[in-house]
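Okay, so here's the structure we're looking at.
The values are calculated or read from the model by the stated rules, or taken from the named source; none is laboratory data. All values derive from a computational prediction rather than experimental measurement. Every residue, glycine as well, gets a Cβ built from its backbone with ideal geometry; the counts of neighbours run over all protein chains shown. Surface accessibility is based on the protein's heavy atoms, side chains included, excluding ligands, DNA and RNA. Shrake-Rupley method; radii C 1.70, N 1.55, O 1.52, S 1.80 Å.
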Amino acid sequence: MDLFEKPSLKFVLFLAFSIMSVIPVLLLGWWVVDSARESEYKAVEKKHLLVAKNITLALSRYAQDTASILEHYSTMPLDELDESNNRLLRSQNITSIRVFNNNVEQLISIATENGSEPPPLTAAQLEAVIANAETDRTLFLPVQTNSNGQPTIIIITPIVLDNSILIAEIETGYISRIQLTSATDGLIPKNT
């Protein structure tokens, strides 16, 4: 067939029916792929929401437990802490506790691992403590680097009896384990 010749009716019909049959197949294929992608997005979104809810619940419980323990310790003399008290503090990843007076001068400091003097607070940590020293409730400060270069969270609890404050320093290992475990299998690890 020459290009400039008029195409035969058979050829035109064949071409028209071929195009008409290919278009629905392409549309159906596009629809199936789009539906599968949409279902996959919804499943991933649902899983991420579940993981986020699990992490939120675990962290909320952890924060409540830690705050309750520190509020309890704020009512007792800290220079009488024994090993069972240290174990309880360590179970919440508390590496040290300190008491500051209302002039933000350190009165007591105890490392929970061995009962010795903990490393000093960094200038940034001390500034954060000073800025929040007037709190009337337990307060968790943002993550900061301690003097050993490790990420830690400072928790401030007021001691009502003598207008001083209890400062606890916690390591972020438990929080990291929650995130890792939740991302891999959706379960929350025990606080160890």
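Values computed for the structure shown
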{"quantity": "Scan of segment 89-101 for residues that are among the hydroxyl-bearing types (Ser, Thr, Tyr) and crowded, with 18+ Cβ neighbours inside 10 Å, ordered by number", "calculated": "Thr95, Ser96"}
{"quantity": "Filter result for Ala183 (at pLDDT below 85, farther than 16 Å from Ile97 by Cβ and in a helix (DSSP H, G or I))", "calculated": "yes"}
{"quantity": "Pro142 being open to solvent by 80 Å² or more (accessible area, probe 1.4 Å) and within 15 Å of Ile156 (Cβ to Cβ)", "calculated": "yes"}
{"quantity": "Checking Val104 against (1) open to solvent by less than 50 Å² (accessible area, probe 1.4 Å); (2) in a helix (DSSP H, G or I); (3) under 19 Å from Thr152 (Cβ atoms); (4) out of contact with any strand residue (DSSP E or B) (no Cβ under 7 Å at 6 or more places or on another chain), the condition it does not meet", "calculated": "(2)"}
{"quantity": "Criterion (more than 25 Å from the chain's Cα centre (by Cα) and free of Cβ contacts under 8 Å to residues at least 40 places away in the same chain) met by exactly one of Gln150, Gln106", "calculated": "Gln106"}
{"quantity": "Top-ranked residue in segment 64-88 [being of a type in the set (Gly, Ala, Ser) and surrounded by fewer than 16 Cβ atoms within 10 Å (Cβ to Cβ); ranked as modelled with the lowest pLDDT]", "calculated": "Ser84"}
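To keep it simple, each residue is scored yes or no on (1) touching a residue at least 60 places away in the same chain (Cβ under 8 Å); (2) of a type in the set (Lys, Arg); (3) surrounded by fewer than 11 Cβ atoms within 10 Å (Cβ to Cβ); (4) not in a helix (DSSP H, G or I).
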{"site": "Leu15", "(1), (2), (3), (4)": "no, no, no, no"}
{"site": "Val22", "(1), (2), (3), (4)": "no, no, yes, no"}
{"site": "Glu38", "(1), (2), (3), (4)": "no, no, yes, no"}
{"site": "Val51", "(1), (2), (3), (4)": "yes, no, no, no"}
{"site": "Ile55", "(1), (2), (3), (4)": "yes, no, no, no"}
